[in-house]
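A single structure is presented below for examination.
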There are 2 protein chains.
Amino acid sequence: MAIIIHKYGGTSMGSVERIQNVAKRVAKWMRAGHQVVVVPSAMSGETNRLLDLAKEIHPTPNPRELDQIASTGEQVSSGLLALALHREGIDAVSYAGWQVTIHTDSAFTKARIMGIEDEKIRADLNLGKAVVITGFQGVDPNGNITTLGRGGSDTSAVAVAAALKAEECLIYTDVDGVYTTDPRVCEDARRLDKITFEEMLEMASLGSKVLQIRSVEFAGKYQVKTRVLSSLTDPLIALEQEMKSGTLITFEEDSTMEAAVISGIAFARDEAKITVLSVPDRPGIAYQILGPIADANIDVDMIIQNQSVDGKTDFTFTVPRADYQKAFDLLKNSVQAHIGAKDILGDPKVSKVSVVGVGMRSHVGVASKMFRTLSEEGINILMISTSEIKISVVVDEKYMELAVRALHKSFELDQR
Amino acid sequence: MAIIIHKYGGTSMGSVERIQNVAKRVAKWMRAGHQVVVVPSAMSGETNRLLDLAKEIHPTPNPRELDQIASTGEQVSSGLLALALHREGIDAVSYAGWQVTIHTDSAFTKARIMGIEDEKIRADLNLGKAVVITGFQGVDPNGNITTLGRGGSDTSAVAVAAALKAEECLIYTDVDGVYTTDPRVCEDARRLDKITFEEMLEMASLGSKVLQIRSVEFAGKYQVKTRVLSSLTDPLIALEQEMKSGTLITFEEDSTMEAAVISGIAFARDEAKITVLSVPDRPGIAYQILGPIADANIDVDMIIQNQSVDGKTDFTFTVPRADYQKAFDLLKNSVQAHIGAKDILGDPKVSKVSVVGVGMRSHVGVASKMFRTLSEEGINILMISTSEIKISVVVDEKYMELAVRALHKSFELDQR
C-alpha cells in the first residue's frame with residue numbers, strides 16, 4: 001500500500017463523462033489497495049471564462065480579486081469529482097487549498113507554495129478515503145486566496161506528493177508522455193520511457209509544454225518520482241500496464257540512459273529577435289537596455305553580447321513574438337538615444353531549436369554535429385546559446401520544422 | 001456617516017452591465033459618506049448550473065460537496081463586484097464566508113448562522129473600503145463550507161447588519177417593495193411604505209416571496225431595520241429619494257399604521273389538501289399520520305383536526321401540490337390500514353388565501369368580514385386557520401384570484 005498522487009488536467013475534467021472516467025480510474029487504484037490523493041484542474045474553459053468575465057469588468061483587474069474568482073474553477077471540479085467517486089462506491093472528500101492548508105506567499109496570480117499541512121490528508125487516507133485537493137491554489141499568511149499561475153495544478157500535485165512523501169505522482173494529461181520532439185512537426189518522434197528532471201526542465205522551458213516548469217523544479221528539489229501519462233486510455237486498463245506507461249521523470253542518469261546523448265529536440269516557434277547596434281561597451285549597459293523591457297513585463301529569453309570592438313558592441317536578445325513590437329518601440333523611442341546606440345534592428349519571425357540531453361555532459365562533438373546537420377540543410381544560424389545539457393540556436397522561422405526533423409534524424413532519436 | 005448594508009439578488013448581479021450598475025449605486029452611497037458592506041448573490045442561473053452539474057454526476061449528491069460546489073457562485077460574483085467598484089474608483093475587497101468569518105452550524109445546504117466576526121470588516125470600513133461579502137454561505141466549526149439554502153443571501157445580509165449594528169439593511173431586488181398583494185393577480189395592489197416584521201413573516205411564509213423567511217426572523221430578533229427596494233432604478237437616483245423608496249420593515253406599530261387593520265392579502269396557489277377520514281381519536285394519531293409525511297421530506301402547512309364524534313375524527317392537512325401524489329400514496333398504502341382510518345380523500349387543486357395585519361389584534365370582525373366577502377362572491381371555504389395577525393382560508397384553486405381581488409377591495413387596500 002502506497003500513497004499515490006493523481007493529477008488531472010482541464011481536458012481530463014472537461015465534461016461530466018470525463019469526470020466519471022477519472023473517478024473510475026481513481027477507484028481502480030483505490031481497490032488495488034493504494035491510498036490516493038487527486039489534484040484536479042478546473043473543467044477546461046472554466047478558468048478562461050472566469051478571467052474573461054473579470055477583464056470585461058476591469059481591464060487591469062486587481063490580482064487578489066482575480067484569484068478569489070479564478071480559484072473557484074478547481075473548487076467546483078474537485079467537488080464534482082468527489083461526487084463521482086461516491087458514485088463509484090468510494091468514500092471521498094474534497095478540500096480547497098485553504099482547507100488543506102496549502103500555504104503560499106502573497107504573490108497573487110503567481111504565488112509560490114511555502115508549505116502543505118498533511119495532517120488532515122493523512123487522517124482521511126487512513127480512514128480509507130480518497131482525498132481530492134483543488135489544484136492551482138493556496139492561501140497566503142493573511143487568509144487571502146492565491147493562485148499559482150497557469151499550469152499551477154501540476155505544481156500543486158508535485159508539492160502534495162512531496163509533503164506526503166508519496167510513492168509516485170501521476171500527471172494525467174491529454175498526451176501519453178514526453179516525446180523526443182513534437183510529433184506534429186516530426187512524425188518519427190518517439191515517446192521517452194524516462195527522462196531526467198534536468199532534461200525535462202530544459203524541454204519544458206523550451207516549449208514542450210507537457211508540465212509546468214515549476215512543477216518540474218519542485219519534483220527535482222524534493223525528488224518526487226513524477227510520471228506523465230495519458231488520461232485518454234480506458235480508465236480500467238490493467239494497473240501494471242498503466243504503471244509502465246507514459247514518461248517517468250527520474251533523478252539518476254541510470255545505465256539505460258548512457259547510450260542516448262540527446263533525449264529530445266525542443267523548439268519555440270513564435271520568437272522574435274532584437275539587436276541593439278553598436279552600443280558603448282560600458283558597465284550597466286545591459287541593464288539600461290533590458291531594464292525597460294522587464295519593466296514592461298516582457299520576457300526576455302536568449303541574450304547575446306559579443307566581444308566589443310573599438311569599445312562598441314552589438315547586443316541581441318529574443319522576446320516572445322507577441323511582445324516584439326512593444327519591445328522594439330520601447331528601445332527605439334526611449335532607449336536608443338539615451339544609451340547612444342547606432343540603431344535598433346529586429347526580426348519578428350525567428351524560432352528557437354534546441355537539442356537537450358544529459359548525455360551531452362560526457363560526450364564531445366554534440367555542438368559540431370548539430371551545426372553540421374543544419375549546415376547540410378542550408379539553414380543559417382542566427383544566434384547560439386548553450387547550457388550544460390542543451391544547445392539552442394535561433395533560425396529563420398521558415399526553417400524551423402526542417403531543422404527539427406533533420407536534428408531528430410541525425411541524433412538518431414527515431415531509433416531505439 | 002453610518003454603516004449601511006446592501007444586498008443584491010441574482011438578477012441584479014445577472015450580467016457584467018448589471019454588476020457595473022450595482023457598483024455605481026454602491027459608489028454613490030460611499031461618496032455620500034456612508035460605510036457600505038455589500039452582500040451579493042451569485043449571478044442568476046449560476047447556482048442552478050452548478051447544482052445541475054452535481055446532480056448529473058450523482059442523483060443524491062453528498063450535501064457537504066454540494067456546498068463546496070454551490071458556494072463558488074457567490075465567490076465569483078463578489079470578486080467581480082469588487083473589480084467593478086475599483087473601476088468606479090472605490091477601494092474594495094471581497095471575502096468568502098470563511099474569510100470573514102461567518103460561522104454556521106454543520107447543517108449542509110441549510111445551515112444556520114451562529115456568529116459573524118466583525119473585526120476584519122470594521123478595519124476595512126475604517127480604511128475607507130467597500131467590503132463585499134459572499135452571501136448564502138459560511139463555514140462550520142470543522143472548516144467545511146456551508147450554504148444557507150435558497151435565498152440565504154438575504155439572511156447573510158441581515159446577519160451582517162446585526163453584527164455591525166448597521167443603520168439599515170437595504171435588500172435590492174427586482175421588485176420595488178412589498179405589495180398589499182401580487183399585482184399580477186390584483187391590479188389595484190399597492191406598494192406598502194412600511195410593514196411590521198411580524199406581518200412580513202406572515203406575508204413571506206404565505207407566498208409573497210420577496211424575502212427569505214429566515215432573514216425576516218433574523219431582522220426581527222436583532223431589530224435590523226431592513227428595506228426592500230428596487231435595483232432596477234437608475235443607480236444614480238438621488239440618495240434622499242432612494243432612502244424613501246421600497247418598503248421598510250419596522251418593529252413598532254407606529255401611529256400611521258393604526259388606521260390599517262389589514263396590510264395585505266397573501267396567497268399560495270399550488271396547494272393540495274388531504275383528509276384522513278374517520279380515524280380513532282387517540283393520542284399519537286397525528287404523529288402516526290404526519291410522521292411518515294415528514295420522513296418523506298414533504299412540508300405540511302395547514303393542519304386541521306375537528307372535534308371528534310363517537311371517538312372518531314377527520315384529520316385534514318395541506319401540502320405543496322408537487323408533493324401531493326407522493327403524500328397521498330404514502331397514506332393510502334402505508335398508513336390507512338395501520339391506524340384504522342376509513343378512507344383517504346384528497347384534492348390536488350386548492351389554494352390558500354390569507355389576510356394579514358397587526359391591526360387585526362385590536363379590531364374584531366376581520367374574520368367575519370373576510371367570510372362575508374367570500375360568501376358574497378359565492379366562494380366556498382374548504383379550510384380555515386387563524387393566527388394572531390392572519391386568517392387563512394383554503395378555497396378551490398379556480399376561485400383564488402377572485403378571492404384575492406374581492407378581499408383586497410373589501411379591506412380597502414387599494415386606498416390610502
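Any read-out appearing in this document is the output of simple, stated calculations on the displayed coordinates, not a laboratory observation. In this text the structure is predicted, and so the values were computed from the model without any measurement. For neighbour counting, all protein chains shown are included, and Cβ atoms are generated from backbone atoms with ideal geometry for every residue, glycine included.
Helix B:285-295 sits at what angle to the longest principal axis of chain B, using alpha carbons and giving 0 to 90 degrees rounded to 10?
For B:285-295 against chain B, the angle is about 40 degrees.
Which of A:334, A:308, A:245, B:156 has the fewest other C-beta atoms within 10 Å, and how do the rest follow up to the most? If you can, show how the numbers build up before the last one.
Values: A:334 10, A:308 14, A:245 18, B:156 30.
Starting with the residue having the fewest Cβ neighbours, the order is A:334, A:308, A:245, B:156.
Taking each label point as 7 Å beyond Cα in the direction of the beta carbon, state the distances from residue B:311 to the same residue in the other copies, shortest first, in nm.
Copy-to-copy label distances at residue B:311, shortest first: 12.4 nm.
Of all GluC sites (Glu not before Pro) in the stretch B:27-136, which ones are in loop regions per DSSP and have a Cβ with at most 14 other Cβ atoms within 10 Å? Working shown, then result.
Values: sites: B:46, B:56, B:65, B:74, B:88, B:117, B:119; in loops: B:88, B:117.
Those that pass, being in a loop and sparsely packed, are B:117.
Which value in nm describes the separation of the simple spin-label points at residue B:386 and residue A:126, placed 7 Å from the Cα toward the beta carbon?
Modelled inter-label distance: 6.4 nm.
Among the lysines in the stretch B:119-254, how many pairs, 8 or more places apart or on different chains, have alpha carbons under 23 Å apart?
17
Here's another thing I want to ask about it. Who wins for biggest fluctuation among B:383, B:200, B:43 in a Gaussian network model of chain B, springs between alpha carbons below 10 Å?
Greatest mean-square fluctuation among the candidates belongs to B:383.
Would you kindly calculate the mean projected area, averaged across all directions, of the convex hull enclosing the Cα atoms of the stretch A:1-137, in square nanometres? Show your work: numbers first, answer last.
Values: hull surface 32.0 nm².
For the stretch A:1-137, the mean projected area of the Cα convex hull comes to 8.0 nm².
Nearest-5 percent of antiparallel DSSP beta bridges in chain A?
Expressed as a percentage, antiparallel bridges in chain A total about 65.
In addition: Report relative contact order for the stretch A:264-410 in percent, whole number only (criteria: Cα-Cα under 8 Å, sequence separation at least 6). Kindly include the intermediate steps, with their values, before the conclusion.
On the way: 264 pairs, mean separation 45.1, N = 147.
31 percent.
Return one number: the angle in degrees, 0 to 90 and rounded to the nearest 10, between the long axis of the Cα atoms of helix A:72-87 and the longest principal axis of the Cα atoms of chain A.
Roughly 40 degrees between the two axes.
For peptide B:80-88, what's the mean number of Cβ atoms from other chains within 10 Å of each residue's Cβ? Please report the intermediate quantities before stating the final value.
On the way: counts 10, 2, 9, 14, 5, 4, 6, 5, 0.
Per residue, the average neighbour count from other chains is 6.
In the stretch B:272-382, what is the count of Lys pairs whose alpha carbons are under 23 Å apart, counting only pairs at least 8 residues apart or on separate chains?
Lysine pairs, 8 or more places apart or on different chains, close enough: 14.
If you don't mind, another one. Taking neighbour counts of Cβ atoms within 10 Å as a proxy for exposure, in what order, fewest first, do A:239, B:50 appear? List each step's numbers first, then the result.
Working: A:239 15, B:50 21.
With the sparsest Cβ surroundings first, the list reads A:239, B:50.
Please rank A:351, B:368, B:94, fewest neighbouring Cβ atoms within 10 Å first, as an exposure proxy. Could you put the intermediate results ahead of the total?
On the way: A:351 25, B:368 9, B:94 29.
The most exposed by this proxy come first: B:368, A:351, B:94.
Looking at chain B, identify the longest residue range that excludes and avoids all chymotrypsin sites (Phe, Trp or Tyr not before Pro) in DSSP loops having at most 14 other Cβ atoms within 10 Å. Don't skip to the end; give the middle numbers.
Values: sites that count: B:222, B:251.
Longest gap between qualifying sites, sites excluded: B:1-221.
Just the Cα atoms of the protein assembly as shown: what Rg and Dmax do they give in Å?
34.3, 123
Along the Cα→Cβ direction, 7 angstrom out, place labels at residue B:364 and residue B:2. What is the inter-label distance in nm?
4.2 nm
GNM, chain B, Cα, under 10 Å: largest mean-square fluctuation among B:403, B:163, B:123?
Among B:403, B:163, B:123, the largest mean-square fluctuation in the Gaussian network model of chain B belongs to B:123.
Run the simple label-point estimate for residue B:165 and residue B:238 please: 7 Å along Cα→C-beta, distance reported in nm.
3.2 nm
Also, I was wondering about something else. Take the Cα radius of gyration of the stretch A:3-252 and divide it by 2.2 N^0.38 Å, with N its residue count; two decimals is plenty. Don't skip to the end; give the middle numbers.
Values: Rg = 17.1 Å, N = 250, 2.2 N^0.38 = 17.9 Å.
Normalised by 2.2 N^0.38 Å, the Cα Rg of the stretch A:3-252 equals 0.95.
Counting only C-alpha contacts under 8 Å and six or more residues apart, can you give the relative contact order of chain A as a whole percent?
Details: 903 pairs, mean separation 57.1, N = 416.
In percent, rounded to a whole number, it is 14.
Relative to the longest principal axis of the C-alpha atoms of chain A, give the angle of the C-alpha long axis of helix A:46-57, reported between 0 and 90° and rounded to the nearest 10°.
60 degrees
For residue A:308, project a label point 7 Å along Cα to C-beta. Then give me every residue of the stretch A:325-350 with its amide nitrogen under 20 Å of that point.
A:335-345
Then there is this: What are the distances, in nm and sorted shortest first, from the label point of residue B:333 to the label points of the same position in each other copy, with each label point placed 7 Å from Cα along the Cα-to-Cβ direction?
Going from nearest to farthest copy, the values are 7.7 nm.
Now for a separate question. Where does the stretch B:94-204 land on the Kirkwood hydrodynamic radius, alpha-carbon pairs, in angstrom? Write down the numbers at each step before the final one.
Values: mean 1/r = 0.0638 Å⁻¹.
Taking every pair of different Cα atoms in the stretch B:94-204, averaging 1/r and inverting gives 15.7 Å.
Could you work out, residue by residue across A:188-197, how many beta carbons of other chains sit within 10 Å of that residue's beta carbon, and then give the average as an integer? Before the final figure, lay out the partial values.
Working: counts 0, 0, 0, 0, 0, 0, 0, 0, 0, 0.
Taking the mean over all residues of the peptide, I get 0.
Using 5 Å bins from zero, what percent of all Cα-Cα pairs in the stretch B:149-201 falls into each bin?
In whole percents, the pair-distance histogram is 4, 16, 18, 25, 20, 10, 5, 2.
A further question on this structure: Can you give the alpha-carbon Rg of the stretch A:264-410 over 2.2 N^0.38 Å, where N counts its residues?
Normalised Cα radius of gyration, the stretch A:264-410: 1.11.
Same structure again: From other protein chains only, count the Cβ atoms within 10 Å of every residue's Cβ in A:358-365, then give the mean.
Values: counts 0, 0, 0, 0, 0, 0, 0, 0.
Going residue by residue through A:358-365 and averaging, the value is 0.
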